[in-house]
Amino acid sequence: MSLPTSSVKIYPLGDAAVVLQLGDEIAVETHGQVKAVVRFLNQHSFPGLVEYVPAFTTVTIYYDPWLVSEWGKSDPYAAVEENLRQMLEELETGLETEPASVKEIPVVYGGEYGPDLAFVAQHTGLSMAEVIARHTQPEYLVYMIGFAPGFPYLGGMDPRLAAPRKEVPRQVIPAGSVGIAGLQTGVYPLETPGGWQLIGRTPLNLFDPNRAEPSWLQMGDVVRFVPISEQEFNALKEEADGD
């Protein structure tokens, strides 16, 4: 897969960041390009690089203007832009990515664990059993991690399951809650406010700051939801809490 450099946009974000825009819409190909840029930056840093944040179609690169400019000798933004354009040239023949293994996320659907499952069924004209079946059928791509630590934005949901966000967000959503908002589905790794329609909950601990890699899911992972019973949920929850 080649990178069409003519379609890439580079522009400043304040005086200490630059945005590399690789596309205009969420797409698997654009995701592959974002992932390739991240992989390159992991392997080829430059003086003054602070961090980079991948998203659906962009990678935002934060830098220290003083270090990048060699202590005021040059324009820091121009230096970073030049580095990025050279990187894009090297990426033209290096965009192939390795296949990702599938991570399974067990979910108990409905009831107290998925209080909005009935609403999603009513909104879509499907039965609750059909909603569960359609939600567990695809393999989802983790396009990005955001909103909250470890929160995965997943692509690949059946469009028949699309449902609007809640008009009034909940002040507290339990960790592990699986939700739907528009054409997307995701999992709340932490207890947090939120407005997605909740259809189930997983006992897995998706984010733990004490782990070497706090987020269980990473950009580029592939996941599949697996329906479980309440008894299985409790057993797995007890196991996860004991780790």
Sole miss for A133 among (1) out of contact with any Phe, Trp or Tyr (no Cβ under 7 Å at 6 or more places or on another chain); (2) open to solvent by 50 Å² or more (accessible area, probe 1.4 Å); (3) among the aliphatic types (A, V, I, L, M); (4) under 30 Å from Y11 (Cα atoms) is condition (4)
Within segment 21-38, restricting to residues that are of a type in the set (G, A, S) and under 16 Å from L88 (Cα atoms), the one that is nearest to the chain's Cα centre (by Cα) is G32
Only residues that are part of a strand (DSSP E or B), surrounded by fewer than 22 Cβ atoms within 10 Å (Cβ to Cβ) and among the β-branched types (V, I, T): list them for segment 165-202, please.
-> V172, I173, T192
Starting from residues that are modelled with pLDDT under 95 and part of a loop (DSSP other than H, G, I, E, B), keep the ones in segment 140-164 and report whichever is most open to solvent (accessible area, probe 1.4 Å).
-> F147
Of these, Q122, Q86, which one is in a helix (DSSP H, G or I), surrounded by fewer than 16 Cβ atoms within 10 Å (Cβ to Cβ) and modelled with pLDDT of 95 or more?
-> Q122
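The values are calculated or read from the model by the stated rules, or taken from the named source; none is laboratory data. The shown structure was predicted, so the numbers you read here are calculated from the model rather than taken from an experiment. Methodologically, a virtual Cβ is constructed for each residue, glycine included, from the backbone with ideal geometry; neighbour enumeration extends over all protein chains shown. Calculation scope for accessible area: heavy atoms of the full protein, side chains included, ligands and nucleic acids excluded. Shrake-Rupley method; radii C 1.70, N 1.55, O 1.52, S 1.80 Å.
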